[in-house]
Amino acid sequence: MLLLSCISDTHGLHNNMKHSVGTGNILVHSGDLTNIGKIADVESIIAFFHRQLDNFDDIVFIAGNHDLSFDPCFGETNKGRFIRHYANNQDIVTHELEKPEWLTDLLGSMDKRIHYLENSSKTIQGKLFHGSPMTPDFFKEYWAFNAARGQEISNYWSIIPKNVDVLITHGPAKGILDLLENGVDHVGCEELEYVVNYELNNLKLHVFGHIHNPHGKYISDRGTTFVNASICTEEYAPTNMPMQVHL
Ligand SMILES: [Mn+2]
């Protein structure tokens, strides 16, 4: 059995978390590592991940809409972000644009036990992980990794392996720990809800954040554990508990 500790939305406050991430087999971070993706803040969270290698065997993370420097298309048109290839019946995500060199170098120099996923999959400790930073459009001119609800965002969900064990996305699926503070609006992704509930038959765990208020855990009838791991509250205080899950 594996013990995972899940965090999200630390927004640069990873060294000021009220509760420790503890120890376990795998530490998962589901994005919004920083506030606006500044070099010093990205370096700081990568250093934090390296320190956590004393407490975890592997660390898996994705970016979020606040991690602007991670999105090569931020500030550009979305054209070219997602290119679909049908060769060998495989969809491949490619980018026409590249990340800044400092970030490519930083990600490339990480310990091999730290895994960055961006619309990509990897088997870690015998479990198939897939990670995606994409969230439905929300002031897309200001934020990274936005995609329009409907077909555009579905393109990203369509490349999730059907047999995935652990899905890490920045945002929630619609209706699952996605309720705004107003208690009325469920702002999760409808297209993602269909995928996690009906298409991924092996899904054991879905980790996300993005909507800070509904931090918590929910286990579906099909036995999938859903975790909103937002560490920051709505007021950006890093006081929520890391979420621990056995796989
Ligand atoms: Mn956030």
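Table for the structure above
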quantity: Length gained when the stretch Asp105-Gln125 is fully extended (0.36 nm per residue, less Cα-Cα span); calculated: 4.6 nm
quantity: Table column - 3J(HN,Hα) (Hz), region 213-219, Karplus curve with 6.51, -1.76, 1.60, x for Gly and Pro; calculated: 4, x, 3, x, 10, 9, 10
quantity: Per-residue ³J(HN,Hα) for region 113-125, Karplus 6.51 cos²θ - 1.76 cosθ + 1.60, θ = phi - 60°, Hz, x for Gly and Pro; calculated: 8, 10, 10, 9, 10, 9, 6, 8, 10, 7, 8, 10, 6
quantity: Paramagnetic label zone (point 7 Å from Cα along Cα-to-C-beta, Asp221; backbone N under 16 Å) in region 163-191; calculated: 176
quantity: Shape of region 131-245, Cα gyration tensor, a/c cut at 1.5; calculated: oblate
quantity: Accessible surface of the chain [probe 1.4 Å, protein heavy atoms]: carbon and sulfur percent; calculated: 50
quantity: ³J(HN,Hα), Karplus 6.51/-1.76/1.60, whole Hz, each residue of region 66-74, x for Gly, Pro; calculated: 7, 8, 4, 5, 6, 9, x, 9, 4
quantity: Rounded Å value of the spacing that divides the Cα centres of region 207-236 and region 140-203; calculated: 13
quantity: Lys pairs under 15 Å by Cα in the chain, provided they are eight or more residues apart or on distinct chains; calculated: 9
quantity: Solvent-accessible area of Glu191 with every protein chain in place, 1.4 Å probe, in Å² to the nearest 10; calculated: 50
quantity: Kirkwood Rh in Å, taken over the chain so that all alpha-carbon pairs contribute; calculated: 17.8
quantity: Fraction of beta bridges assigned by DSSP in the chain that are antiparallel (%, nearest 5); calculated: 35
quantity: Relative contact order of region 96-178, pairs being alpha-carbon contacts under 8 Å that are 6 or more residues apart, as %; calculated: 28
quantity: Of Pro100, Ala237, Ser132, farthest towards positive along the dipole that unit charges on Lys, Arg, Asp, Glu beta carbons give the chain; calculated: Ser132
quantity: Length-normalised contact order of region 3-246 in % [C-alpha pairs under 8 Å, at least 6 apart]; calculated: 22
quantity: Charge dipole (debye, nearest 20) of the chain; +1 at Cβ of Lys and Arg, -1 at Cβ of Asp and Glu; calculated: 640
quantity: Under-5 Å amide H pairs with Ala147, H placed in peptide plane, nonlocal only; calculated: Thr135, Asp137
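The values are calculated or read from the model by the stated rules, or taken from the named source; none is laboratory data. None of the values given here were measured: they were computed from a predicted structure. Note that we place each Cβ from the backbone using ideal geometry, even for glycine, and neighbour counts take in every protein chain shown. With ligands, DNA and RNA removed, areas are computed over all heavy atoms of the protein, side chains included. Shrake-Rupley method; radii C 1.70, N 1.55, O 1.52, S 1.80 Å.
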